[in-house]
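To keep things clear, I will list the structure first and then write my remarks on it.
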Amino acid sequence: MHDEQFDHPVDVGRWQALVTAALAAEGVRGPGEATVMFVDEPNMSQLNALHMGQAAPTDVLSFPIDGDDVISGVTHRLVGDVVVCPSVAAANAADHAGTYTDEIAVLLVHGVLHLLGHDHAEPADRDRMWARERELIAELHGPLAADPWASRS
């Protein structure tokens, strides 16, 4: 877990525990590694342009490596990387999860699920992913100040 930005406070220990718990809840067993980076808007814009073709900052990007593949004979699993932009999260929080802290939690769980093969391009996939997000957030983070899934329907 790396905090590469100075715009908004990040409780690295708290978020590391959330990501670890989400991976375990999804059946990822160690030893393994998922890297989380918190970056500023210029760096997120650059990543978003390079990987998604969008020359603007976004809230979260996920880069699966081993994902949910069954890999035998491996002693250390590289699940992937989640990149979060706290500035974008803070800007979106009031209209999404309600608070900055809740927004970061939602983005991390969302990112972890992407690492493990979840997607939301199709309505049925979106419904499954969002249902799992709700379950994990309730179990691992607690109640949110607002319903972020209602604003994305």
Using only alpha-carbon positions, what ratio does the radius of gyration of the range 2-145 give when scaled by 2.2 N^0.38 Å?
1.01
Choice from 81, 11, 59 with maximal GNM fluctuation in the chain (Cα, 10 Å cutoff)
11
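Please rank 51, 120, 96, fewest neighbouring Cβ atoms within 10 Å first, as an exposure proxy. Don't skip to the answer; put the middle values down first.
On the way: 51 12, 120 17, 96 23.
With the fewest neighbours first, 51, 120, 96 line up as 51, 120, 96.
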Take the chain, connect every pair of alpha-carbon atoms lying under 10 Å apart with a spring to form a Gaussian network, then pick out the residue of 41, 139, 122 with the largest mean-square fluctuation.
122
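Readers should treat all values here as calculations from the given coordinates under stated rules, not as data from a laboratory. Note that the structure is a prediction, hence the values are computed from the model and not measured. Neighbour counts are summed over all protein chains in view; Cβ atoms, including those assigned to glycine, are modelled from backbone coordinates with ideal geometry.
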